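Before any comments, here is the structure.
The values are calculated or read from the model by the stated rules, or taken from the named source; none is laboratory data. Just so it is clear, the model here is predicted, and its values are computed rather than measured. FYI the Cβ positions are ideal-geometry reconstructions off the backbone, even for glycines, and counts take in every protein chain you see.
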Amino acid sequence: MNNINLIDSLNLSNSLKTIAGKVFNAKEISTSDALELYNCSNLAFLGVLADVTKKRLSGDLVFFNRNFHIEPTNICVNHCRFCSYRRREGQKGAWECSIEDIVEDVKKYRAKGATEVHIVGGVHPNRNINYYVDMLNSIKKAAPNLHIKAFTAVEIDQMCQMGNVSVEEGLRKLKAAGLESMPGGGAEIFDEKIRAEICPDKTGSEEWLRIHSVAHSMGLPTNATILYGLLESYKHRVDHLNRLRELQKKTNGFNAFIPLKFKRENNEYSKVKETTLVEDLKNYAVSRIFLNNIPHLKAYWPMIGKQAAQLSLSFGVDDLDGTIDDSTKIYSMAGGEEKPSASRTELIKLIKELNLVPAERDTVYNILETF
Ligand code: V47
Ligand code: SF4
C-alpha cells in the first residue's frame, strides 16, 4: 500500500487529506494546518506524515554522537519558575567549577573518545565575556580537536552585557577562542505573555532570535528548542515553530530542533501534570512536519527516557543526541534520568531494532561511521 492509499484508508476529513497532500508533495504547511494537526488525535496519521518528512531529509539514517556536558555553575541571576537547577550564590547545593576543573573533565572525556563538549550553565552574576574566552582557550589548548558547542543565547546576552561588548563583538571573541556552535536552550516559549509568566527576567524572544541570527551570519550553526507542556496552548507552540521557520528561511543556520518536555520535580510548577507519551509523540510529529526547513529533529533521551526516544524515531525524530556519560544534572534535578549515560552499543541497538541505520556523527552532522 502506498502512502496515498494508506491515508485514504484512515477515513480522514478533507482538510486533513489536503494537509497530507502538501506533505507528500514537500510543500510547507500553514500555521492553521499545524494547529489542525495538533488537534488531530489520529497518531498513526501524524506518524506517517512525520516519517515521510524525516525520510525526505535523512532517509533511514538516525544520528547520535559521543558527547559530554559541562555545567560550569548553577548560580543564576534569573528566576525561571520551571527551573529545578538554579541556586543563589552561597545557597546549599550551589556550585562553581574552576577552569582547571573544566580542563580536567575535558581531558577525561576526550580520552574516552568524546567528539563534542556541550557547555551550558546558570547565568552567573559576576562572570563576563573575558572569563568565558579564557575557558574556551583553555579547553582548546587541552583538546584542540574537540568540538565546542557552548552557551545559550541567554548566557551570551548576559556575558556580553557584563563585559560591555555588543553581541556581535562577544560572539566574534568567543569564536576566535574556539566556539564552533551554540546549543538551542533558553528559547522556552516565544509567546511574550507565557514567557513573562514562566521566566520573567530571561532574555526576550526577539533578542533570543536575533542572537541566533548573528551567530548564523558569522558561520556558527545553532540548535533551537521549545519548552512545552507547561502553560502554553497549541497556538503558542505553533507561533514558536513559525518564528523559527521564518528565521531559518533567512539564515539557514539551525541544525536541529529539540522539543524539551517540561519536567516538574523540585520547581514551582510541581503541581502541573507532565505531558503524556502520546502528547510527546504528537509534538515530535507536528514539529517535524511544520519545520521542514530545519534538517534534524532531536529526541533528548535524558529528558524523555530511552524507550520513549526510541519510539519517537517513528514520529519524525532522526537524532538521539549522544552518549552523555553521566555529565549533566539539569534534567535529573527536575525528574529526568538519574545519572544519564548511554553506550554507543546501546544507542546502535535502539536504532537497529527499528530497522533504521545508526550513524555516528560529529556536531555538524558529518557522518563518522554507520553501523
Ligand atoms: O533552556 C530547564 C530546559 C534547557 C527544565 O542544543 C527544562 O543540543 C524541562 O537547551 N523541564 C537547557 N526543561 C537544555 C538545552 C539542551 C538540551 C539538550 C541538547 C541541546 C542542544 C540543548 O533546559 C533550558 C530549558 O528550556 N529546562 N528546566 C524543566 N524543569
Ligand atoms: Fe537560570 Fe537557566 Fe534555570 Fe533560567 S533555566 S533560572 S536561566 S539556570
Across region 182-223, the tally of residues that are surrounded by 23 or more Cβ atoms within 10 Å (Cβ to Cβ) and away from ligand 2 (no atom under 16 Å from the Cβ) stands at 2
Residue pairs meeting the criteria (Cβ under 7 Å; at least 6 apart or on separate chains; first under 21 Å from Lys141 (Cβ atoms), in region 117-130; second assigned to a loop (DSSP other than H, G, I, E, B) and hydrophobic (A, V, I, L, M, F, W, C)): Val117/Leu146; Ile119/Phe151; Ile129/Val165
Can you find a residue in region 160-177 that is at pLDDT 95 or above and either in contact with a Pro (Cβ under 6 Å, 6 or more places away or on another chain) or closer than 27 Å to Glu265 by Cβ (or both)? no
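State yes or no: is Lys250 within 16 Å of ligand 2 (Cβ to nearest atom), basic (Lys, Arg) and either surrounded by fewer than 20 Cβ atoms within 10 Å (Cβ to Cβ) or modelled with pLDDT of 95 or more (or both)? Talk me through it step by step, then tell me what you get.
Numbers: within 16 Å of ligand 2 (Cβ to nearest atom): no; basic (Lys, Arg): yes; either surrounded by fewer than 20 Cβ atoms within 10 Å (Cβ to Cβ) or modelled with pLDDT of 95 or more (or both): yes.
The answer is no for Lys250.
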State yes or no: is Asn266 among the polar types (S, T, N, Q) and within 18 Å of the chain's Cα centre (by Cα)? no
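Taking the conditions exactly as written (buried (at least 22 other Cβ atoms within 10 Å of the Cβ), within 16 Å of ligand 1 (Cβ to nearest atom), touching a residue at least 40 places away in the same chain (Cβ under 8 Å) and not hydrophobic (A, V, I, L, M, F, W, C)), does Asn78 satisfy them or not? Give the derivation first.
Numbers: buried (at least 22 other Cβ atoms within 10 Å of the Cβ): no; within 16 Å of ligand 1 (Cβ to nearest atom): yes; touching a residue at least 40 places away in the same chain (Cβ under 8 Å): yes; not hydrophobic (A, V, I, L, M, F, W, C): yes.
Against the criterion (buried (at least 22 other Cβ atoms within 10 Å of the Cβ), within 16 Å of ligand 1 (Cβ to nearest atom), touching a residue at least 40 places away in the same chain (Cβ under 8 Å) and not hydrophobic (A, V, I, L, M, F, W, C)), Asn78 does not qualify.
Determine if region 176-184 includes at least one residue that is part of a helix (DSSP H, G or I) and within 16 Å of ligand 1 (Cβ to nearest atom). Give the derivation first.
Going residue by residue through region 176-184, those that are part of a helix (DSSP H, G or I) are 176.
If we keep only those that are within 16 Å of ligand 1 (Cβ to nearest atom) too, we end up with none.
No: region 176-184 contains no residue that is part of a helix (DSSP H, G or I) and within 16 Å of ligand 1 (Cβ to nearest atom).
Quick one: in region 52-91, of everything that is among the basic types (Lys, Arg) and either within 11 Å of ligand 2 (Cβ to nearest atom) or over 22 Å from Asp326 (Cβ atoms) (or both), which residue is nearest to the chain's Cα centre (by Cα)? Break it down into steps so the answer makes sense when it comes.
Let us first name the residues in region 52-91 that are among the basic types (Lys, Arg), namely 54-56, 66, 81, 86-88.
Those left that are additionally either within 11 Å of ligand 2 (Cβ to nearest atom) or over 22 Å from Asp326 (Cβ atoms) (or both): 54-56, 81, 86-88.
Numbers: Lys54: 17, Lys55: 20, Arg56: 21, Arg81: 19, Arg86: 19, Arg87: 23, Arg88: 26 Å.
Going through the qualifying residues, I end up with Lys54.
May I ask you to verify whether Leu35 is modelled with pLDDT under 95, assigned to a helix (DSSP H, G or I) and surrounded by 13 or more Cβ atoms within 10 Å (Cβ to Cβ)?
Details: modelled with pLDDT under 95: no; assigned to a helix (DSSP H, G or I): yes; surrounded by 13 or more Cβ atoms within 10 Å (Cβ to Cβ): yes.
The answer is no for Leu35.
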Would region 40-49 turn up any residue that is within 24 Å of Arg245 (Cα to Cα), within 16 Å of ligand 1 (Cβ to nearest atom), under 22 Å from the mean Cα position of the chain (by Cα) and surrounded by 14 or more Cβ atoms within 10 Å (Cβ to Cβ)? no
Hey, among Val106, Val133, Val154, which residue is away from ligand 2 (no atom under 16 Å from the Cβ), more than 23 Å from Asp362 (Cβ to Cβ) and under 24 Å from the mean Cα position of the chain (by Cα)? Val133
Restricting to helices (runs of 4 or more DSSP H) lying wholly in region 257-371: which have 1 or more residues that are surrounded by 21 or more Cβ atoms within 10 Å (Cβ to Cβ) and at pLDDT 95 or above? 277-290, 306-312, 344-352
Conditions (1) modelled with pLDDT under 95; (2) over 23 Å from Thr323 (Cα atoms); (3) of a type in the set (A, V, I, L, M, F, W, C): number failed by Cys97: (2)
